[in-house]
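Sharing a structure below in structure tokens format, with a few things to ask.
Just so it is clear, none of the values below were taken in a lab; they were calculated from the coordinates. Computed from a prediction, not measured in an experiment: that's the story for all the values here. Glycine gets a Cβ as well: all are built from the backbone with ideal geometry, and neighbour counts include every protein chain shown.
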Amino acid sequence: MRLRDLAHILRRLAASDVVPADAGGRPPSFIPVWSTSNSGRSRALRLVAALLASAMLGSLFPQISAPIRALLGAGEKAAEADAKGVDGLVKLTAEQIAAAKIATVAAVPGVLTRDVAAPAVVSVDPDRIGRVAAKVVGAVAELRKRLGDPVEKGEVIAIIESREVADAKSEYLAAKVGLDLQSALFQREKGLFDKKISAEQNFLKARGAYEEARLRVELARQKLAALDLSEGEIAALAGQPVGELRRKEIRAPIAGKVIERRSDLGQPVGGDAQIYVVADLSTVFADVAVAIADLPSVREGQSVRLSHDGEEEAEGHIVFIGPMLDHETHSGRAVASFANADFALRPGTAMTARITLEEKNVRLRLPRSALLTFEGETVVFVRTPEGFVKRKVETGASDNEAIEIVAGLEEGEQIAATNVFVLKAELGKSRLEGLD
């Protein structure tokens, strides 16, 4: 209603005391409420005056009326938000949570680590590699293992036919026969000498021949041992067929797997020729190239984690730090040892090593993926029977994977750790709907 219309009504009320009638003496079709009595007209005047004052105030002072209207509107929206439920609650059923692939983790005590990353190459432990040599001159008669075959320590894996071995065995057998003969003669002369039947000169001569024969046997035994014959093999020579004398058994020096085969059947070999390479890969090394700036913080015994393409592979410890520096790569050499029972670590593989320099125990620890920023605050989403509820938290120290929670959570609470952006989007959506 305009101000001009309100003023016209006021003037009419002031001028009229009775209800007007039309020409026929009938009351008009529209009868104002203020036409009944003087008291009624007085109340109507006060009402119209209030309306007029309100309209004038709104038109003259919009800067006052606009905040009042906004305040009233905000109050209505706050009442609507309270009616919807708890602030920050995202209602989801168990089926919806599973469909969104939202996994939870418990807020529990843990350890934060400060580490350094460096390139590494997996290698064979030098104490767990055996090179199977022929040790005699001859030819390969048998190869009993293929690449990748497992072997046991002392197992026969090849046979060499060698004239050198045949000569050494024959010499030993001849010396053994001579010793037996001289032993018998010496015992006979000793008996005669004890009975004063034989002269002392004969006794001494028999004893000298016996000692010489025993020495020849010992020298022949040492020669066979040098050719890598065991005591059991030497003791069994007396019952061995003549045709087997030239055969030399090659045994595995360690247990492991055949990783190389360097000879073929019938191939002539020398004493230093290698037939197989056997390695025990249940434990492997990693050569780590540590940056010069990080070397002062690296110590023997520190924990090392190997990863490839971001996936954890193994955990070990440093066993050696090289004293020399490589100025071309600006790094130093550190060697770490790793258990490899499943043979997942293959020598020659380039990987990333993370050396743990420092560890810190914290009251509560959460993965980085569980925390996000919402409306300028660091928050997490805590699991509730109805879904998830937003919770403001205070953080402390951190490492590459996790963050310390100083305040805002209790131990054991379940926190959304994956696909948290889904919950953030749902919460933001509900906030926008509340502003409509």
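Would you mind ranking THR395, THR93, THR356 by Cβ crowding within 10 Å, fewest neighbours first? Mind showing how you got there, number by number?
Details: THR395 15, THR93 10, THR356 18.
The order, fewest Cβ neighbours first, is THR93, THR395, THR356.
In addition: What is the distance in Å between the Cα centroid of region 95-141 and that of region 358-379?
28
Now for a separate question. Only sites in a loop by DSSP and with at most 16 other Cβ atoms within 10 Å count here; which chymotrypsin sites (Phe, Trp or Tyr not before Pro) in region 320-428 make the cut? Walk me through the intermediate numbers first.
Numbers: sites: PHE320, PHE338, PHE343, PHE374, PHE381, PHE388, PHE421; in loops: PHE343.
Those that pass, being in a loop and sparsely packed, are PHE343.
Between ALA213, PHE186, VAL242, whose Cα lies farthest towards the positive end of the dipole of region 185-260 when Lys and Arg beta carbons carry +1 and Asp and Glu beta carbons carry -1, centred on the Cα centre?
Value computed over the given set: PHE186.
Go through GLY270, LEU306, SER282 and say which Cα lies farthest out towards the positive end of the charge dipole of region 245-307; charges sit on Cβ, +1 for Lys and Arg, -1 for Asp and Glu.
Value: GLY270.
Quick one: what are the phi-derived ³J(HN,Hα) couplings along region 142-159, Karplus 6.51/-1.76/1.60 with θ = phi - 60°, whole Hz, x for glycine and proline?
Each residue of region 142-159 in turn: 9, 10, 9, 10, 10, 4, x, 5, x, 9, 9, 4, x, 6, 6, 10, 7, 10 Hz.
Can I ask one more? Counting pairs on different chains as well as pairs 8 or more places apart, how many Lys pairs in region 153-272 have Cα atoms under 26 Å apart?
15
Taking the Cβ of VAL290 as the centre, find all other residues whose Cβ is under 14 Å away and add up their charges (Lys, Arg: +1; Asp, Glu: -1). Write out the running numbers ahead of the final one.
Numbers: positive: ARG299, ARG333, ARG354; negative: ASP115, ASP287, ASP294, GLU300, ASP326.
Net charge in that neighbourhood comes out at -2.
Return the sequence-ordered ³J(HN,Hα) values of region 386-396 in whole Hz as given by the Karplus equation 6.51 cos²θ - 1.76 cosθ + 1.60 applied to θ = phi - 60°, using x for Gly and Pro.
Rounded to whole hertz, the list is 8, x, 9, 10, 5, 9, 6, 10, 10, 10, x.
Can you return the lysines within cross-link range of LYS360? Criterion is Cα-Cα under 24 Å, with same-chain partners fewer than 8 residues away left out.
Result set, ordered by chain and number: LYS392.
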